[in-house]
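This report concerns only the one structure given below.
The values are calculated or read from the model by the stated rules, or taken from the named source; none is laboratory data. All figures in this text were calculated on a predicted structure; none of them were measured in a lab. Don't worry about glycine lacking a Cβ; one is built from the backbone with ideal geometry, like all the others, and counts go over all protein chains shown. Note: accessible area is taken over every heavy atom of the protein model, side chains too, but ligands, DNA and RNA are not part of it. Shrake-Rupley method; radii C 1.70, N 1.55, O 1.52, S 1.80 Å.
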Amino acid sequence: DAEITQSPRHKITETGRQVTLACHQTWNHNNMFWYRQDLGHGLRLIHYSYGVQDTNKGEVSDGYSVSRSNTEDLPLTLESAASSQTSVYFCASSESGPGSEQFFGPGTRLTVL
Amino acid sequence: SQKIEQNSEALNIQEGKTATLTCNYTNYSPAYLQWYRQDPGRGPVFLLLIRENEKEKRKERLKVTFDTTLKQSLFHITASQPADSATYLCALDQTGANNLFFGTGTRLTVIP
């Protein structure tokens with residue numbers, strides 16, 4: 001069965017360190033998304049990609065970067081982790097058609113100390 | 001400023017009754033509106049999509065309405081069951097480009 005996975009599921013890091021969260025999907029979807037979820041804010045879009053070599057900034061992209069070298073993976077990098085980036089991170093993917101449903105991964109809980 | 005508000009943080013309802021959740025938005029013009037279910041510790045799961053030119057959509061015990069004049073969507077679960085207890089999220093897609101803006105969610109508890 002097709003799926004979307006995230007790793008690690010939990011991570012604790014220190015302020016200033018670079019952190020990379022992995023996202024891998026086997027749906028063969030062109031669209032991939034990264035969100036963060038915080039109490040009181042809901043899910044907010046960080047970065048998204050419509051295909052290989054395509055990346056775009058979302059609503060809360062400062063301090064984050066992504067790259068898309070193949071269809072299956074969209075890793076999210078925190079260049080220099082800050083305590084404000086403590087959150088639960090979700091990756092999602094969807095087909096290219098308008099209004100397509102998004103399939104979400106299980107999430108990564110990141111704590112920055 | 002742009003806002004997506006879901007009626008309340010938490011809603012308790014008796015088993016068998018109809019649960020009605022509200023999603024109101026300001027300064028958006030969504031082409032599509034989606035509803036997702038999220039269980040604790042898990043990612044959201046898609047439930048229903050409604051287009052701006054549709055008034056109502058149904059799927060089994062679920063019904064969604066969309067009023068672009070009122071800038072509101074209502075999400076109904078009929079004959080609610082304890083297994084329906086979860087957080088429900090509405091999400092707006094302004095252009096059909098699949099970039100979603102999410103509300104903060106309503107946590108529904110169905111009491112046996």
Which numbered condition A:Thr71 misses (of (1) assigned to a loop (DSSP other than H, G, I, E, B); (2) within 12 Å of another protein chain (Cβ to nearest Cβ); (3) open to solvent by less than 40 Å² (accessible area, probe 1.4 Å)): (2)
Whichever residue in region B:1-44 is under 12 Å from B:Thr104 (Cβ atoms) and of a type in the set (D, E, K, R) and, among such residues, is farthest from the chain's Cα centre (by Cα): B:Lys3
Tabulated pairs, region B:1-20, first free of Cβ contacts under 8 Å to residues at least 24 places away in the same chain, second open to solvent by 50 Å² or more (accessible area, probe 1.4 Å), C-beta under 9 angstrom, 6+ apart or interchain: none
Residue satisfying condition, being within 12 Å of chain B (Cβ to nearest Cβ) and of a type in the set (Ser, Thr, Tyr), within set A:Tyr64, A:Tyr48: A:Tyr48
Unmet requirement for A:Ser96, which otherwise passes all of (1) under 12 Å from the mean Cα position of the chain (by Cα); (2) of a type in the set (Ser, Thr, Tyr); (3) within 9 Å of chain B (Cβ to nearest Cβ): (1)
Residues within region A:5-24 that are in contact (Cβ under 8 Å) with a residue 60 or more places away in the chain and either away from every other protein chain (no Cβ under 12 Å) or part of a loop (DSSP other than H, G, I, E, B) (or both), tallied: 13
Strands (runs of 3 or more DSSP E) wholly inside chain B that include at least 2 residues being within 11 Å of chain A (Cβ to nearest Cβ) and either crowded, with 20+ Cβ neighbours inside 10 Å or not β-branched (Val, Ile, Thr) (or both): B:3-6, B:32-38, B:45-51, B:86-93, B:100-102
Selection within region A:84-113 - out of contact with any Ser or Thr (no Cβ under 6 Å at 6 or more places or on another chain), among the polar types (S, T, N, Q) and not in a loop (DSSP other than H, G, I, E, B): A:Ser84, A:Gln85, A:Ser87, A:Ser93, A:Thr108
